[in-house]
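Beneath this line is the structure, given in structure tokens, with notes to follow.
The values are calculated or read from the model by the stated rules, or taken from the named source; none is laboratory data. Only a predicted model underlies this, so the values are computations on that prediction, with no experimental measurement involved. Using ideal geometry, Cβ is built from the backbone for each residue, glycine included, and neighbour counts are taken over all protein chains shown. The accessibility values were calculated without ligands, DNA or RNA, using every heavy atom of the protein model including side chains. Shrake-Rupley method; radii C 1.70, N 1.55, O 1.52, S 1.80 Å.
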Amino acid sequence: MFNFFKRKKDKNQEDEIKKEEIELEETDEEAEVFEESEEIEKIEESEEIEESIEVIEDEDEDYKIVEDTEEPEKSEEVESNEKSEKKGLSFFEKLKEGLSKTKKNLTEQIESIVFRHRKIDDDFLEELEEILITSDMGVETTMDIIDYIKTETRKRNLTDTSEIKDVIKEYLINMLEENEEKDIDESKQRVILIVGVNGVGKTTSIGKIAYRIKQSGKSVIVAAADTFRAAAVEQLKEWCLRAGVDIIASEQGSDPGSVIFDAVNAAKARKTDVLICDTAGRLHNKKNLMNELSKIFKIIDREFGDAKLDVYLVIDATTGQNGLIQAKLFSETCSINGLILTKLDGTAKGGIAFPIVNELKIPIKYIGVGEKIDDLQDFNATDFVNAIFE
């Protein structure tokens, strides 16, 4: 019996030993599988790294090729000209594009009532009057247009409303051209004083005007007399650098009169054709700034009396009737003989040009339809009206 239990015990021990050996073998096999999987993952990762390195190297090669063939950096005006040529846009086409909202606000409404009314009668003229007033023409200019239509319909025996648009165009072109400065003495040196409230685009307009005048073959000096606004002098220096013209400037907070004095003497000594003077943005109720403007006029009159003085007011077209109010207030303070209409691109208030000229009898000298240095152009009455009505 004892031997039986001993054999059974020995057999149980052998079974346990075999079971442990099997478990160890399974563990070893799992370890081997795990190690193999880790090796596979490492191989795959290394292959991915090698592929990414190859891609980066390829990109580096492509970059080197581009870098080797890269052309010299081009100036802003050259890029602007190339873009215009590429797109095939003339300034008139840019003007039409910029005034598209004004056209929609004015011309399309006129065409709508022309479609509804076939006969020129009081009802038609009443609706037309409302459209003109709400399109920033102003009451005075609107009534002048209506009176002109009545006179011409009787004179020409007009009855069809489809003929009215041409009559309006005719009136507007004639009105704008009547107020243009006819004879300009090119033999005299010129001083152009730029005035206007802050934010209308005075500084950028000066840079663009300087560029246009220089492109015409004349010499230009710019006086940075807006010493009140922070960074105004630095901004104007940048624009003068783009335009390729000289600038006379001082530090912020310095006396604007001394800057004008130095600029006038520089223009006389160098026999410069045109001196363009920036001034601080001011409102009619800012007494100190308005007195400063009077001081500048006195310096120019005393030191450069032989030069032709032009005072140009910059108007932001997007301000609508507020631009007309600004023009009236500035006209009461100084003798303005030219307007610069900026930000015409994309505004629905381009019609403000007509009442300003009609009521104040001040001609528009330049119009701006973009941010590029050549996007400010001489004003042409026919092109402006056609851009709105065609």
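Odds and ends about this structure:
- Contour excess over end-to-end distance, with Cα ends at Asp246 and Glu130 and 0.36 nm allotted per residue: 36.8 nm
- Residue-span extension gain [Glu177 to Ser219] - 0.36 nm each, minus C-alpha spacing: 12.3 nm
- Accessible-area composition of segment 91-130, carbon plus sulfur, in percent [1.4 Å probe]: 45
- Here the gap between Lys165 and Asp121, fully extended at 0.36 nm per residue and compared with their Cα-Cα distance, gives a gain of 14.3 nm.
- Pairs with C-alpha atoms separated by more than 19 Å, drawn from the list Lys202/Lys372; Lys182/Lys208; Lys218/Lys372, are Lys182/Lys208; Lys218/Lys372.
- A cut-off under 12 angstrom between Cβ atoms defines the neighbours of Ile299, and their net charge, with Lys, Arg +1 and Asp, Glu -1, is -2.
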